[in-house]
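See below for the structure under consideration.
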Amino acid sequence: MPETLKKGAVFCIATLLSGCASIQLNNLFSDYATSQKPVRAAINAGNVKSAQSMLEQPTAGNTNYQLAMLEQGRLAFLTEDTKQSQWWFNQSYRALENERAKAKVRLGKGVEKFNTLVTNDNAISYQPPAYEQSMMHSYQALNYVFQHDLEGALVEVRRANFVQEQALKQYEDELFEASESAGIDASYINNTAATLNSRVGDVKNGFQNAYTFYLSGLLYEAAGELNDAYIDYKRAIEIYPENEYLQRDILRLGSVLGMQTDLEAFEKQFSVKASEVLSAKPTANEGQLVVIYEQGLVDAKIEKSVRLPIFTSNNDMRFYSVSIPSYSARSQSLAPLTLSVQETADSNTAKANGLVVNTQPIVNVQALVAKQLQDSMPSMLSRQVLRLVAKEQVRRKLSKEAGDVGNILAGIYSMASERADTRSWLTLPADVQILRANVAAGAHSIAFNNVNIAATEVKIVPGKITLMLVTKAGQFSTVRTVTL
Amino acid sequence: MKKTLLIASAISVALLAGCSSKQVVSYGDATAVETTDINFGSTDLQKVASEMTDSLISSPVIGSLTQNKRPVVFVERIKNKTSEHIDTESITDSISTKVLRSGKFRFVDMSRVEAVKKQLQFQQEGGLVDPTKAIQFGKQIGAEYMLYGNLSSIVKANADKKDVYYKFTMRLMDLESGIIEWADETEIRKTREKAGLGW
């Protein structure tokens with residue numbers, strides 16, 4: 001009788017816990033990146049509306065809830081449905097805030113951990129990594145900008161910066177911890193690590209995103225808060241020192257604000273000279289044109305099988321096959337955008353040759369996501385090991401109690417449930433590039449020389465910044481312009 | 001065994017059913033302290049508005065300014081420099097209402113200029129209003145003072161705690177001389193500590 005009672009109690013608790021945690025099993029046996037393929041194909045074919053209809057509807061309690069909201073928000077952004085996009089991103093922010101306000105030790109998380117032990121990492125509810133959160137706030141800031149609400153945009157920019165600061169703090173803590181406790185040896189997954197390494201390049205961490213800082217600086221500059229703008233440009237250059245437009249912005253603002261010591265240090269480091277920048281200041285009847293060019297769609301993670309060595313209790317080594325997320329070695333090629341600015345003259349004497357300028361990269365999202373994956377690999381692998389042990393226990397128990405049938409069933413289950421966690425925000429661009437040029441006030445026609453986008457009319461206001469957002473992914477393209 | 005199972009599942013179902021309860025709607029005190037979350041809330045708005053108005057009305061300089069007349073003031077706007085989307089117009093509304101109630105100042109409302117223009121245009125040109133009784137353009141009184149301010153915040157957080165500090169600054173400027181006649185600031189600090197154990 002005590003045995004029955006014990007079993008009954010266990011059953012009771014298990015039912016209770018699972019009842020409240022609302023475990024979602026639908027995401028467990030399919031991987032996210034594969035299921036999103038049609039959506040990405042539709043965007044690349046230029047049909048965002050049908051991509052939208054294919055997206056998963058965000059439902060609270062689903063492990064992909066956060067992710068689904070980000071994808072919805074981004075697609076609404078691409079269709080220039082500012083209000084809808086703003087609503088989704090706002091929902092996403094609120095869900096994140098709720099998550100952050102929750103208790104330190106959570107029973108629900110315990111259940112989730114238990115679920116991952118017998119299934120796979122897709123049972124963990126998705127938490128957007130810092131780079132996705134900062135991109136979300138950047139898009140939200142642009143949503144406000146397109147509604148001519150600079151103050152609201154600046155609120156979003158501050159939130160983005162806060163996310164990045166928090167991530168940096170956390171990252172430093174984790175580095176400290178990691179050096180103290182040696183995890184499992186990751187050199188066994190060399191083949192995976194190698195492709196990751198080549199993608200990561202010289203990205204320092206997976207969350208610091210120069211684009212967000214640049215946008216922040218730009219909006220502060222438009223609001224006349226030059227000191228704040230200067231600080232954000234400086235943060236951006238720390239992450240992406242090669243960008244010449246950024247170098248110019250720093251030298252220009254630095255000299256306006258009288259940051260002499262800074263200027264001297266930067267001049268040694270930069271390829272641009274301060275005197276050159278100062279002589280190219282916009283005149284009274286010139287405005288600035290800033291182009292943000294979003295290119296392609298970020299690569300999706302792929303499943304990769306690796307053989308993980310595990311020491312059994314008898315201390316002999318056995319290899320177990322597991323799948324982990326990775327990226328393919330070949331990444332898409334990214335190119336700068338060349339555009340020519342031509343004055344639409346009121347008189348018939350159109351100028352023969354206008355200004356021809358190129359964009360320069362400010363963030364490589366591909367490298368960021370690869371770095372993010374690399375950073376989360378150790379914890380992912382240690383979960384994998386625990387899972388192997390748990391599944392092995394199940395197999396042993398079943399083979400003992402149900403013989404060969406049990407063994408086979410357990411084997412099939414292990415294989416079917418062995419799914420890598422390939423979740424990430426897949427509608428983000430592959431990279432973002434910027435350009436800034438002084439352009440005479442008045443109407444201009446902007447032609448895109450090396451991509452297939454129709455020429456766009458833009459009106460430059462003297463002394464103001466005109467922001468142009470160009471998005472291109474496959475056949476899809478949009479150009480949006482706003483005067484800040 | 002079967003019996004135990006049955007009992008166990010019955011208990012689970014009963015407990016789960018207990019989780020869902022009916023919604024309750026009730027009226028509360030509008031000035032009660034609200035601590036639903038750490039974001040800028042009604043209590044903060046009320047605190048800021050009442051402290052600023054008290055300070056403005058009780059200031060000795062304002063006393064001498066308003067001794068023999070009721071100066072005309074316009075409220076510029078409160079600049080939101082926090083990391084939350086706050087309706088700062090609602091703060092200025094509260095403040096101007098309170099100040100107006102004190103009877104020391106008169107206000108002109110810049111946020112309704114367009115509506116006023118439209119109405120005057122209708123009276124003048126609509127043809128429906130008796131021209132002798134229509135309100136004339138160019139009779140309004142210009143503001144002598146401008147009330148404006150900033151709301152800024154510093155947010156810090158770690159795994160256990162979140163701390164938000166708000167600083168609200170307000171100034172009253174003499175539009176003719178450009179002199180700041182009055183200024184004050186008020187601060188709010190809110191801290192949220194996470195629960196130890198939860199779902």
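The values are calculated or read from the model by the stated rules, or taken from the named source; none is laboratory data. These numbers come from a predicted model, not from an experiment. No Cβ is skipped: glycine too gets one built from the backbone with ideal geometry, and neighbour counts run over all protein chains shown. Just the protein is used for accessible areas: all its heavy atoms, side chains included, with ligands, DNA and RNA removed. Shrake-Rupley method; radii C 1.70, N 1.55, O 1.52, S 1.80 Å.
Taking 0.36 nm per intervening residue step and subtracting the Cα-Cα distance, what contour gain separates A:GLU242 from A:THR456 on full extension?
Gain on extension, A:GLU242 to A:THR456, equals 74.2 nm.
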### Stokes-Einstein D in µm²/s, Kirkwood radius over Cα pairs - the protein assembly as shown at 37 °C with 0.692 mPa s viscosity
111
### Query
Under 5 Å between amide H atoms, partner at least 5 residues away or on a different chain: which partners does A:GLY46 have, H built in plane at 1.01 Å?
A:GLN475, A:PHE476
### Message
Given a 1.4 angstrom probe, I'd like the percentage of the accessible area of the stretch A:18-483 that is carbon and sulfur, rounded to a whole number.
### Response
53
### Summary
For chain B, the percent of accessible surface on carbon and sulfur atoms (probe 1.4 angstrom, ligands and nucleic acids excluded) is 54
### Query
Taking only Cα atoms, what is the 0 to 90° angle, nearest 10, from helix A:244-257's long axis to the longest principal axis of chain A?
60
## Note on the structure
Between A:SER35 and A:ASN197, the two model label points (7 Å from Cα along the beta-carbon direction) sit apart by a distance in nm of 3.4
### Query
Probe 1.4 Å, all protein chains in place: accessible area of A:ASP249 in Å², nearest 10?
0
### Query
Modelled label-to-label distance, B:ALA195 and A:ASN449, 7 Å Cα→beta-carbon offset: nm?
6.2
## Note on the structure
Simple spin-label estimate for A:ARG330/A:GLN170, 7 Å along Cα→Cβ, in nm, reads 3.5
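Divide by every residue of the protein assembly as shown the summed helix terms, -39500 (n - 2.57) for each DSSP H run of at least 4, and state the resulting mean residue ellipticity at 222 nm, rounded to the nearest 500 deg cm²/dmol.
-15500 deg cm²/dmol
For the B and A pair, go ahead and give the buried accessible area with a 1.4 Å probe, both sides summed, in Å² to 100. List each step's numbers first, then the result.
Numbers: alone 14390 and 23390 Å², together 34970 Å².
The buried area between B and A, both sides summed, comes to about 2800 Å².
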### Summary
With every protein chain kept in place and a 1.4 Å probe, chain A has an accessible area per residue in Å² of 46
### Query
Once phi is turned into θ = phi - 60°, what whole-Hz ³J(HN,Hα) does the Karplus curve with 6.51, -1.76 and 1.60 give for every residue of the stretch A:403-414, x standing for Gly and Pro?
x, 4, 4, x, 4, 5, 4, 4, x, 5, 4, 4
### Message
Compute accessible area for the stretch B:167-199 by itself and then with all protein chains, 1.4 Å probe, and report residues whose area falls by 20 Å² or more.
### Response
B:ARG192, B:LYS194, B:ALA195, B:GLY196, B:LEU197, B:GLY198, B:TRP199
### Query
If you take all C-alpha pairs in chain B, what percent of them are over 32 Å apart?
44
### Message
With a cut-off of 8 Å between alpha carbons and a minimum separation of six or more residues, what is the relative contact order of the stretch A:18-483 in percent?
### Response
22
### Query
Residue by residue through the stretch A:109-118, which ³J(HN,Hα) values in whole Hz follow from phi under the Karplus form 6.51 cos²θ - 1.76 cosθ + 1.60 (θ = phi - 60°), with glycine and proline marked x?
5, x, 4, 4, 4, 4, 4, 5, 5, 9
## Note on the structure
Cβ-Cβ cut-off under 10 Å around A:ALA101, Lys and Arg +1, Asp and Glu -1: the net charge is +2
### Message
In whole Hz and in residue order, list the ³J(HN,Hα) couplings for the stretch A:85-100 that follow from phi through the Karplus curve 6.51 cos²θ - 1.76 cosθ + 1.60, θ = phi - 60°; x for Gly and Pro.
### Response
4, 4, 5, 4, 5, 5, 4, 4, 5, 5, 4, 5, 4, 4, 4, 5
### Message
List the residues, sorted by chain then number, that are 5 or more residues from B:GLU34 or on another chain and whose placed amide H is less than 5 Å from its amide H.
### Response
B:THR43
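Per residue of A:144-155, count partner chain C-beta atoms within 10 Å of its C-beta, then hand back the mean as an integer.
Values: counts 1, 0, 0, 0, 0, 1, 0, 7, 2, 0, 5, 7.
Per-residue shielding by partner chains comes out at 2.
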